[in-house]
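> Provided herewith is a single structure, encoded as structure tokens, for subsequent inquiry.
The values are calculated or read from the model by the stated rules, or taken from the named source; none is laboratory data. Computed from a predicted structure; not experimentally measured. Here the Cβ is made from the backbone with ideal geometry for all residues, glycine too, and neighbour counts use every protein chain on show. We work out accessible area using only protein heavy atoms, side chains counted, and drop any ligands, DNA or RNA first. Shrake-Rupley method; radii C 1.70, N 1.55, O 1.52, S 1.80 Å.
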Amino acid sequence: RMPASPQTPPSSLLHDDRHVPHRAAWRQQLVDAERGFVRGVRSDSSFFVHFFGGSIVLAMGFVLHVGTLDWIIITFCLTLVLMAELFNHALRTMLLAGDADHESSAIRRALGMSTAAVMASVAGSLVILTIIFGGHLRQLLGS
């Protein structure tokens, strides 16, 4: 297989051209995104925790009849957490696959920082969601 030229789209590096029918570049990017998402979710159990928490958040939004702006903010919070987790998992996969010494201090620092990014996105989202749902609960309870 020939190395990618500058004109070769990055998505073509993610699959083997011998086994994949030729697709338009935009379609191939969608296929690559779907495959990456599925691989990330299947290989890391923390996604199940995020999906469970996200389900609770969505249920609360429906029960409390939140408005359009609140749904936009809720969707952003859920997306931010999943995105941070996917980046964390991608970094973990690259670092652990590329170095036989998994105890390297540089790898431990990088993985610690990416995990901290996930925790920061979760903490920020929890604060925002508490503000949104707290306001709706106060209105519902008449306080």
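> Answer yes if at least one residue in segment 127-137 is among the hydroxyl-bearing types (S, T, Y) and in contact (Cβ under 8 Å) with a residue 40 or more places away in the chain, and no otherwise.
So far as segment 127-137 goes, no, none of its residues is among the hydroxyl-bearing types (S, T, Y) and in contact (Cβ under 8 Å) with a residue 40 or more places away in the chain.
> Scanning for something farther than 23 Å from F48 by Cα and not hydroxyl-bearing (S, T, Y), does segment 124-131 turn up at least one residue?
yes
> Yes or no: segment 38-49 includes at least one residue that is at negative phi, in a loop (DSSP other than H, G, I, E, B) and open to solvent by 40 Å² or more (accessible area, probe 1.4 Å).
Yes, that holds for at least one residue.
> Which of (1) part of a helix (DSSP H, G or I); (2) on the phi > 0 side of the Ramachandran plot; (3) not aromatic (F, W, Y) does A106 not meet, given it meets every other one?
Status for A106: all satisfied but (2).
> A further question on this structure: Return the residues of segment 124-143 that are among the aliphatic types (A, V, I, L, M) and either touching a Ser or Thr at 6+ places or on another chain (Cβ under 9 Å) or open to solvent by less than 50 Å² (accessible area, probe 1.4 Å) (or both); say none if nothing qualifies.
L129, I132, L137
> Is segment 84-102 home to any residue that is modelled with pLDDT of 95 or more and either under 20 Å from A33 (Cα atoms) or out of contact with any Pro (no Cβ under 8 Å at 6 or more places or on another chain) (or both)?
Looking for residues that are modelled with pLDDT of 95 or more and either under 20 Å from A33 (Cα atoms) or out of contact with any Pro (no Cβ under 8 Å at 6 or more places or on another chain) (or both), one finds none in segment 84-102, hence no.
> Would you pick out the residues in segment 64-110 that are touching a Leu at 6+ places or on another chain (Cβ under 9 Å), surrounded by fewer than 17 Cβ atoms within 10 Å (Cβ to Cβ) and free of Cβ contacts under 8 Å to residues at least 24 places away in the same chain?
Hits for segment 64-110 are L96, H102, S104, A106, A110.
> List every residue pair whose Cβ atoms sit under 9 Å apart, with the two residues 6 or more apart in sequence or on different chains, where the first one lies in segment 33-55 and is more than 19 Å from V122 (Cβ to Cβ) and the second, anywhere, is in a helix (DSSP H, G or I) and open to solvent by 70 Å² or more (accessible area, probe 1.4 Å).
Short answer, once both residue conditions are applied: R35/L14; G36/L14; R39/T93; S43/T93.
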